[in-house]
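Okay, handing you the structure first.
The values are calculated or read from the model by the stated rules, or taken from the named source; none is laboratory data. These numbers come from a predicted model, not from an experiment. Cβ placement follows ideal geometry from the backbone for every residue including glycine, while neighbour counts extend to all protein chains displayed.
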Amino acid sequence: MKNVIRVTGVGSYLPSKILTNEDISRMVDTSDEWIQARTGIRQRHIAADGELTSDLGREAANRALAAAGVKAEDIDLLVLATATPDHTFPSTATIVQHKIGMTGGAAFDVGAVCSGFVFALSTADALMKAQGYKKALVVGAETYSRILDWSDRTTCVLFGDGAGAVVLEADTAEDDAQIGILGHNLRTDGAYKEFLYVDGGPSSTQTVGHLRMKGNQVFKHAVVNISSAVQALLEQTGVSHEDIDWFVPHQANQRILDGVAKRLSIDSSKIVSTVGKHGNTSAASVPLALSEAIDDGRVKTGDMILTEAMGGGFAWGANLFRI
Ligand code: UT7
């Protein structure tokens, strides 16, 4: 028998306010046609005044717990990915820990920007296997609306707010069983900081700052980097691209999703795409997309799920699991 970590519940939350491309075209010099043609985005959700990243994370976490039938007090590990924390410290993870009524264990944030969920899932999986945690929450939660420069049309049209969460549970299985989390591939290259960063921070400017991106430079690296991480992951796990039931990528741009799927020979009918409705919700986008595909009946227990993400750092990577 071997130890396995299973994904047993998924939940998500989107703030109620929707900002359409038409709405943004009244704020900056852009158009619904340009945004849809270049990105596939039609609308995004925006957190209400006073609604914090931890509030979005709490709601997604509670929904994931309900889906798994697990109580907050039974969770012994919470790993939260965000680039838009409530405060410089404490971690947003500990704030969510308190808000959901999780009284023990450990909670901490992971910072890998748009790849945050991919890195957080890997971190939780590794800690559960190495240190015996039994039940974990992995949360991606973001309020990018708070770090956007709403006068910069090259970035403000792209992002949205939201949160997604998964419950992980430790289990045992036959040695040859291909169930639960099968593997991860994580990569970074700090040489590319200037292509995607926030121009503020406690140590540099003592301000929060705004997101700055050379989108076409990020785009250029995205398809190649993501495909390379996925190829390595498939090789390391011995899983073929034909075994993938659902491809649940980071939702930055429909053209990137399609480009990666094509390069990996994944049929377009297997792509879960929410970018049109959510925009880019950074660390929240993968669990949000997974949650939607479970809720609408596409993803079923036993399906093989491939995730991927790429963003600021650059940081990129992929996860593979049977749900
Ligand atoms: O999750 C983090 C990772 N982020 C990403 O993966 C984002 C990756 N990048 C992208 O998705 C795309 O590069 C963008 C959607 C950001 C931009 O698309 P693009 O096809 O790379 O366009 P571009 O940046 O090369 O700009 C083309 C033109 C420029 O005008 P000129 O210089 O050709 O006259 C821009 O000024 O489009 C202009 N432009 C806009 N026009 C109308 C840029 N933003 C807008 C806009 N509305 N919102």
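Any residue at all in segment 296-305 that's within 16 Å of the ligand (Cβ to nearest atom), closer than 12 Å to residue 247 by Cα and not aliphatic (A, V, I, L, M)? First the steps, then the outcome.
Step one: of segment 296-305, the residues within 16 Å of the ligand (Cβ to nearest atom) are none.
No, that holds for no residue.
Which numbered condition in (1) among the hydrophobic types (A, V, I, L, M, F, W, C); (2) more than 25 Å from residue 177 (Cα to Cα); (3) surrounded by 21 or more Cβ atoms within 10 Å (Cβ to Cβ) is the only one that residue 219 fails?
With (1) among the hydrophobic types (A, V, I, L, M, F, W, C); (2) more than 25 Å from residue 177 (Cα to Cα); (3) surrounded by 21 or more Cβ atoms within 10 Å (Cβ to Cβ) applied to residue 219, the lone miss is (3).
Only one residue in 120, 130 is touching a residue at least 24 places away in the same chain (Cβ under 8 Å), not charged (D, E, K, R) and not assigned by TED's automatic domain parsing to the domain that holds residue 252. Which one?
120
Here's something else I'd like to know. Looking at this structure, is residue 57 outside the structural domain of residue 257 (by TED's automatic domain parsing), closer than 23 Å to residue 85 by Cβ and free of Cβ contacts under 8 Å to residues at least 40 places away in the same chain?
Working: outside the structural domain of residue 257 (by TED's automatic domain parsing): yes; closer than 23 Å to residue 85 by Cβ: yes; free of Cβ contacts under 8 Å to residues at least 40 places away in the same chain: no.
No: the conditions fail for residue 57.
State yes or no: is residue 162 in contact with a Ser or Thr (Cβ under 8 Å, 6 or more places away or on another chain), surrounded by 22 or more Cβ atoms within 10 Å (Cβ to Cβ) and within 30 Å of residue 41 (Cβ to Cβ)? I'd like the intermediate steps shown before the answer.
Values: in contact with a Ser or Thr (Cβ under 8 Å, 6 or more places away or on another chain): yes; surrounded by 22 or more Cβ atoms within 10 Å (Cβ to Cβ): yes; within 30 Å of residue 41 (Cβ to Cβ): yes.
Yes.
Report the residue count in segment 275-292 for those that are more than 10 Å from the chain's Cα centre (by Cα) and crowded, with 22+ Cβ neighbours inside 10 Å. Spell out how you get there, then give the answer.
If we filter segment 275-292 for residues that are more than 10 Å from the chain's Cα centre (by Cα), which is where we start, we get 275-279, 291-292.
Right, trim to crowded, with 22+ Cβ neighbours inside 10 Å and you get 275, 278-279, 291.
Qualifying residue count for the region: 4.
Of the numbered conditions (1) free of Cβ contacts under 8 Å to residues at least 12 places away in the same chain; (2) more than 19 Å from the chain's Cα centre (by Cα), residue 236 fails exactly one; give the number of that condition.
Condition (1) is where residue 236 drops out.
Taking residue 227 as meeting all but one of (1) away from the ligand (no atom under 16 Å from the Cβ); (2) crowded, with 18+ Cβ neighbours inside 10 Å, write down the number of the exception.
Residue 227 satisfies every listed condition except (1).
Also, quick follow-up: What about residue 80, is it assigned by TED's automatic domain parsing to the domain that holds residue 115 and either touching a Phe, Trp or Tyr at 6+ places or on another chain (Cβ under 8 Å) or within 16 Å of the ligand (Cβ to nearest atom) (or both)?
Values: assigned by TED's automatic domain parsing to the domain that holds residue 115: yes; either touching a Phe, Trp or Tyr at 6+ places or on another chain (Cβ under 8 Å) or within 16 Å of the ligand (Cβ to nearest atom) (or both): yes.
Yes: the conditions hold for residue 80.
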